[in-house]
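The structure under discussion appears below in the form of structure tokens.
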Amino acid sequence: MEKADIYQVRKLNPRKEYLIHVPGSKSITNRAFLLAALSGKKCVLSGVLFSDDTRGFLDCLLQLGFQLEIEEEKKKVTIQGTGGRIPNPEASINVRSAGTAARFLTVALAFAGGNYYLDASEQMRKRPMEPILKILEGLNVKFRYNNETYHFPFELDSQFAEEFTDKNGMSEITIDTNLSSQFASALLMAACILPTGLKIHLTGSRTAGSYIKMTLAMMKQFGICVKQSENCYEIAHQEGWGLAEYEVEPDVSAACYFYAMVPLLKTSVIVKGVQGNSLQGDIQFLNVLEQMGCQKEETPEGIRLTMKNPEMHGVDISMKDFSDQTMTLAAIAPFADSVTRIHNIGHIRFQESDRIHAICTEL
């Protein structure tokens, strides 16, 4: 093994309390990028996460002609919104491996209109896109696939057709949330740029999932009005909405890795800026850790988690709304004093890898 391949793990002192700083949330960052770009205002985003996925999203916005000021060291991005118009009506973009960029930008470009070529990484080319592409085809968006049908890469030609409307003049569609809630989030965020607006019916097991709740909460923060009735969301055409400033929350998904140290090491951890009212569904993982024997406390700096029991207990839990933490729980579960059972996570087979297979293989 070469020296560069070795990582020396430092032993931690369990009697010490650890104050952890994590970067901004990727899910919130990429939603904020799209909402700021589609808004009618110039928005300064702070606390931004810079990763391959978010840099890929920013690169796509640059290729589409949006005016950006990117300050990585300050974790800040300034985006000049264009009121739902794409500055370059013909462009080529590469979403890399970012599922959010893939789904969000495909829908936004289809609704805004124009001719675009969209490509992705080899891994993203294998991920599901068929549900959202079929809906867009039903709205008379044209696709030409360069490889496998309903997968990247493809050409998109959109002159959004007015004949696909209901009697009130509003387009109406249904989307199944089982495979990916990102499809629903993409439709919700881009709906208000359509001249007719959009009525969206959600079906499946994740109609009220944490990522859809995050999307709706952020739309409200940016000033987009949504009428909700059961699992139906009505978004009329809107102009002039937007924010001058937006602060991205710390990434709770990343924070959970450090909180997971607590029952293993019988230590205490605070992750700076993480609060119980977070928009992110992964905050529910802290409730799981409480069931395993930890104690949670809100402090001005962030949530403090300490181990109150001598042993970590197994849990029987549905992780449907915070499935990104399935692997975290699986990693610490062997150290519990009883069996852990995790339910409702079948959809994680279709992410950047088959995560269930990875868990079983590595354990």
Taking only Cα atoms, what is the 0 to 90° angle, nearest 10, from helix 26-38's long axis to the longest principal axis of the chain?
20
Expressed as a rounded percentage, what relative contact order does the chain have, with Cα pairs under 8 Å and six or more residues apart?
16
Kindly rank 33-40, 49-56 from highest to lowest mean number of other beta carbons found within 10 Å of each residue.
33-40, 49-56
Listed by chain and number, the lysines with an alpha carbon less than 25 angstrom from that of Lys272, same-chain partners under 8 positions apart left out, are Lys11, Lys16, Lys26, Lys74, Lys75, Lys76, Lys213, Lys296, Lys308
Semi-axis lengths, Å, the range 122-161, gyration tensor of Cα atoms, sqrt of 5 times eigenvalues
19, 11, 6
So what is the accessible area of the chain per residue, in Å², with the probe set to 1.4 Å?
47
Tally up the carbon and sulfur contribution to the accessible surface of the range 110-234 as a whole percent, 1.4 Å probe, everything protein left in place.
46
Kirkwood hydrodynamic radius for the range 56-119: how many Å is it when counted over pairs of different Cα atoms?
12.2
Once both axes come from the Cα atoms, what is the angle between helix 52-63 and the longest principal axis of the chain, in degrees from 0 to 90, rounded to 10?
20
Cβ crowding within 10 Å averaged over residues, with 267-278, 91-102 ranked highest first:
91-102, 267-278
Which net charge results for the neighbourhood of Pro131, defined as the other residues with beta-carbon distances under 12 angstrom from its beta-carbon, given Lys and Arg at +1 and Asp and Glu at -1?
0
Expressed as an acute angle from 0 to 90° and rounded to the nearest 10, what is the orientation of the C-alpha long axis of helix 181-190 relative to the principal long axis of the chain?
50
Cα-based equivalent ellipsoid, the range 285-339: semi-axes from gyration tensor eigenvalues, Å:
19, 16, 8
Using only the Cα atoms of the chain, build the gyration tensor, take square roots of its eigenvalues as a ≥ b ≥ c, and label the shape rounded, prolate or oblate: rounded if a/c is under 1.5, else prolate if a/b is larger than b/c, else oblate.
prolate
Normalised alpha carbon radius of gyration of the range 66-196 [divisor 2.2 N^0.38 Å]:
1.08
Please report the orientation-averaged projected area of the range 141-236, defined via the convex hull of its C-alpha atoms, in nm².
6.9
Using the Kirkwood radius over Cα pairs of the range 8-138, the Stokes-Einstein translational diffusion coefficient at 25 °C and 0.890 mPa s, in µm²/s and rounded to a whole number, is 152
Mind checking which of Leu202, Leu19, Leu187 has the largest fluctuation in a GNM of the chain, springs on alpha carbons under 10 Å?
Leu19
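The values are calculated or read from the model by the stated rules, or taken from the named source; none is laboratory data. All figures in this text were calculated on a predicted structure; none of them were measured in a lab. Cβ: placed from backbone, ideal geometry, glycine included. Neighbour counts: every protein chain shown. Keep in mind that these areas ignore ligands, DNA and RNA; they rest on the heavy atoms of the full protein, side chains included. Shrake-Rupley method; radii C 1.70, N 1.55, O 1.52, S 1.80 Å.
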